[in-house]
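The structure appears below as structure tokens.
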Amino acid sequence: MSEPSENKSGKYQPFFAEKGQVHVRVQINQILAVSISEETFTVEFDLFFRWQDPRLRDYQTRLWLVPDDSELEGAQFCNRSQLHYLVGVFKELKGPDQAGKVQMTVKGRKKPHTLHRYQFKEEPDFDKYGEFIGEHSGQVTLSRLMETPELLTSHQRISDGTTGEVVLFQKLIGKFGENMEMKKFPFDRQLLRFKVTATVPTSVLRLKVEEGSQKNWCRVKDLPEYEIGVLEGDASVHKTLSEKTGDSTHTGKHYAQLVVTIYATRKPDKYLVNVVVLLFLLVLSSFSGVVVPLTEPGEREGSMVTFLLTIMALKYIVQDQLPSKAYQTMIDKYILFSFVLLCFPAIELVYLKTFWNDKSETDNSQPDNSETSFDRIFTWILFGVWLAMHVLILTYYLYPWTILDTWDTVKLNQDDVSKNWKNESKEESSGRSWFSCLCGCAATAGESESDSETDSSSDSSGVAVPASFHDSTAGHQQWPRAGSISPTYKLI
């Protein structure tokens, strides 16, 4: 079996994919956390990269057999391991009826062996064929990273020796940033996205969505606070893994991107119970102040102030559970309206005692019928407005399609703010290769033009991200080992 030799500089040969195409599949295993205060989400996901390397075509490998297959034609015996093995071209069979089956074509035998299981397969030294992700080469980067991702496991194998097809599998935990559009919170939807971006131009490498990767892409269907999935509309339109060509750099080059999208619809129950229902009951109880005679304004004012202080305490308690945005969300407006509604009876009382009628001090002790009627009518109007608002909220809860934005609208809103971020951080934002993000290696000023172009294109997408989404750490030179916990680097 042939192995490529090192070049004159002592370095391994560069990575090479036939036709410059790498097929990608992503599978979301767990959504570990979604933070509305930090606007981040943490996921455990699998990445599958598949490409053909002509240098590995007809690669001869050794396949160690289980004892039941030791009598196969062409099987050889290893004295050291006391096991039988085959030497030939390995191929994984595909199709619903071929799951788990492999073929082994042995030299000198026309018909290949079909095996259901085996013990071990020897792989070539992939470092000598150019690393797709590694110390010598970083062909892709993960965009929108907020912290150094944790590499749980990684494996690379030949899946089809006849064509030189190679599969690279990596299981990662990553924390990503996303601009969350929350104007309708808690009746909102979020697109939780991250990107796999090529660090070399499309003339060298193109990322393609692997056929069939849209199925079973996400094992998470339900979270305590979110429903995951499109839920409505055509899933073929709202794809979970889509191809995108990033905006051209100052050199006019383009870089391939794959956008991974998690469709999350919030369940409003938590906020309706802990905020809306409590405020509804508090304000509803405040209307009991109408039974206090107008001749005792001090008691009325004391009751109003008590309810206002209670709502202020409630807002202070739930503040950490609410999003912090520059604009007012729907629930912020609701809390503000409850304050205003509680202030109206105080304003009405001042009006009645000051401007309603000019009477003598003796007359003020016994309000006339018109003053009492006005007070009661005003209270009933406020009660009606408060009740109508909650009928509307109940309608939104029972029929969410009346308030929820379409996915196209959500994408448009999130992209608009992201573009504003890009304009604000245009001078300071820079890309990092995925390997650099994992091992913390900082790029030097004397790197080649391709590296500098990569820096300017890591976020060259229709959805830009702020500079704070990039790793700025340096000096950590080791790849995180499988199963180990990577150091956490908070990006600032």
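Take the residues in the range 108-133 that are surrounded by 19 or more Cβ atoms within 10 Å (Cβ to Cβ) and part of a loop (DSSP other than H, G, I, E, B); name whichever of them is farthest from the chain's Cα centre (by Cα).
If we filter the range 108-133 for residues that are surrounded by 19 or more Cβ atoms within 10 Å (Cβ to Cβ), which is where we start, we get 113, 115, 124, 126, 129-133.
Restricting the remaining residues to those that are part of a loop (DSSP other than H, G, I, E, B) gives 124, 130-132.
On the way: PRO124: 35, GLY130: 30, GLU131: 27, PHE132: 24 Å.
The residue in question is PRO124.
Under 9 Å between Cβ atoms, at least 6 apart or on separate chains: pull out the pairs that start in the range 274-287 with a residue that is surrounded by 14 or more Cβ atoms within 10 Å (Cβ to Cβ) and part of a helix (DSSP H, G or I) and end on any residue that is at pLDDT 90 or above and small (Gly, Ala, Ser).
Close Cβ pairs (under 9 Å, with a partner that is at pLDDT 90 or above and small (Gly, Ala, Ser)) amount to LEU279/SER338; PHE280/SER338; LEU282/SER338; VAL283/SER338.
Which numbered condition trips up PHE176, out of (1) over 16 Å from LEU258 (Cβ atoms); (2) at pLDDT 95 or above; (3) of a type outside the set (Asp, Glu)?
Condition (1) is where PHE176 drops out.
Give the residue that is surrounded by the most Cβ atoms within 10 Å (Cβ to Cβ), with candidates limited to residues of the range 316-342 that are more than 19 Å from VAL305 (Cα to Cα) and of a type in the set (A, V, I, L, M, F, W, C).
Applying the filter and picking the extreme gives ILE331.
Listed here are the residues, each with its yes/no results for (1) without any contact (Cβ under 8 Å) to a residue 12 or more places away in the chain; (2) β-branched (Val, Ile, Thr); (3) loosely packed, with under 14 Cβ neighbours inside 10 Å.
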site: ASP46; (1), (2), (3): no, no, no
site: GLN52; (1), (2), (3): no, no, no
site: TYR59; (1), (2), (3): no, no, no
site: VAL66; (1), (2), (3): no, yes, yes
site: SER70; (1), (2), (3): no, no, yes
site: GLN76; (1), (2), (3): yes, no, yes
site: GLY88; (1), (2), (3): no, no, no
site: LYS101; (1), (2), (3): no, no, no
site: VAL106; (1), (2), (3): no, yes, no
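The values are calculated or read from the model by the stated rules, or taken from the named source; none is laboratory data. Since the model is a prediction, treat every value here as computed from it, not as a measurement. Using ideal geometry, Cβ is built from the backbone for each residue, glycine included, and neighbour counts are taken over all protein chains shown.
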